[in-house]
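Novice: Can you read through this structure? Questions will come right after.
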Amino acid sequence: MTIPTRPDDSMQCLFSALEPVSSEIKVIPRKRMSWEYKGKPQLYLFMEGEISLVRVTDGLVVASAYDPHIFGLGEAIQPKRYHILRVEKKSRILAVDVENALKIFDEQNLWRDVSTTLAYFNAYLVYRDEMVLQQRTYSVIRSHLQEMIGLPLEARLNTSILDYIRLRTHLSRSSILNVIFVLKTEKHIEIKRGGFLVAINNLPEKI
């Protein structure tokens with residue numbers, strides 16, 4: 001299972017077009033964000049910090065961003081609210097009125113970049129579903145460890161393995177800890193005190 005490739009060029013085109021008409025908003029860590037700001041639908045340009053996309057129905061974290069990212073494209077075109085945004089720590093976020101953004105997409109012929117970015121988001125949701133819907137508990141945990149090791153070191157040292165997986169799955173605390181204990185004991189992974197992932201030496205297909 002391979003994580004989808006982020007379309008950096010298309011995202012940069014959208015950022016370059018939207019940033020001049022954006023305005024910075026104040027956000028409070030651990031606070032959920034509305035898709036509207038001052039009564040108007042918004043696109044959000046996430047610049048730095050940490051932000052999560054959370055599923056409305058059960059509160060599971062679908063994805064987290066640490067690098068510049070754009071949120072709200074799908075909601076701008078099809079205004080359903082299946083997910084919300086939650087700011088995890090001090091972050092810098094810019095807001096753009098959807099109405100203005102759509103005009104810019106028309107004027108600057110950016111719809112190909114919009115569709116490329118939306119295709120990436122869709123592929124990521126499929127990737128995540130494959131991670132979570134696997135039948136074997138170990139397979140789910142293994143996939144999340146592989147994803148976790150790709151995060152910035154600061155992010156890994158701020159979120160324990162247990163918390164990271166529990167926020168993204170319905171696995172029980174005990175089942176996660178049992179697998180982590182085996183992997184640590186057999187030196188497949190290295191963990192810092194507090195349950196923070198330091199390194200992956202190798203992850204077997206089965207344990």
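Only the coordinates and a few stated rules stand behind these numbers; no lab work does. Keep in mind that this is a model prediction, so the values were computed, not measured. All Cβ positions, glycine included, derive from the backbone under ideal geometry; neighbour counts span all protein chains shown.
Novice: If you take all C-alpha pairs in region 87-164, what percent of them are over 15 Å apart?
Specialist: Pairs farther apart than 15 Å: 73 percent.
Novice: Tell me the net charge near Ile200. Cut-off is 12 Å between Cβ atoms, Ile200 excluded, with +1 for each Lys or Arg and -1 for each Asp or Glu.
Specialist: Net of charged neighbours comes to +2.
Novice: Something else about it: Calculate how steeply helix 8-18 sits against the longest principal axis of the alpha-carbon atoms of the chain, using the helix alpha-carbon long axis, and give the answer as 0 to 90 degrees to the nearest 10.
Specialist: 40
Novice: Next question. When Ile149, Ile165, Ile180 are ordered from fewest to most other Cβ atoms inside 10 Å of their Cβ, what list results?
Specialist: Starting with the residue having the fewest Cβ neighbours, the order is Ile149, Ile180, Ile165.
Novice: Still on this structure, I have one more. How far is helix 137-148 tilted off the main Cα axis of the chain, in degrees rounded to 10, range 0 to 90?
Specialist: Tilt of helix 137-148: around 50 degrees.
Novice: Report the relative contact order of the chain, percent, no decimals, based on alpha-carbon pairs under 8 angstrom and at least 6 residues apart.
Specialist: 21
Novice: List, in order, the whole-Hz ³J(HN,Hα) value for each residue of region 53-66 obtained from phi through the Karplus relation with A = 6.51, B = -1.76, C = 1.60 and θ = phi - 60°; use x for Gly and Pro.
Specialist: 9, 10, 6, 5, 5, 9, x, 6, 6, 7, 7, 10, 10, 10
Novice: Something else: Which net charge results when you count Lys and Arg as +1 and Asp and Glu as -1 among the other residues whose beta-carbon is under 15 Å from that of Lys89?
Specialist: Surrounding charge for Lys89 is +2.
Novice: Here are some pairs, Lys31/Lys184; Lys31/Lys80; Lys40/Lys90; which of them have Cα atoms lying more than 32 Å apart in this structure?
Specialist: From the list (Lys31/Lys184; Lys31/Lys80; Lys40/Lys90), the Cα-Cα distance tops 32 Å for Lys31/Lys184.
Novice: Which order, highest average first, do 152-159, 50-57 follow once you tally other Cβ atoms within 10 Å for each residue and take the mean per peptide?
Specialist: Top to bottom by mean Cβ count within 10 Å: 50-57, 152-159.
Novice: Sorted by packing (mean other beta-carbon atoms within 10 Å per residue), highest first, where do 74-83, 39-48 land?
Specialist: Taking the mean over residues of other Cβ atoms within 10 Å, the ranking is 39-48, 74-83.
Novice: With viscosity set to 1.567 mPa s and temperature to 4 °C, compute the Stokes-Einstein D of region 136-200, Rh being the Kirkwood radius across alpha carbon pairs; µm²/s, no decimals.
Specialist: 111
Novice: Let me ask you something else. Quick check: net charge around Ser34, other residues with Cβ under 13 Å of its Cβ, Lys/Arg +1 and Asp/Glu -1?
Specialist: +4
Novice: For the chain, take the longest principal axis of its alpha carbons; what is the angle in degrees between that and the long axis of helix 98-107, to the nearest 10 within 0 to 90?
Specialist: Roughly 70 degrees between the two axes.
Novice: Output the direction-averaged projected area (hull surface divided by four) of the convex hull of the alpha-carbon atoms of region 1-144, in nm².
Specialist: 8.9
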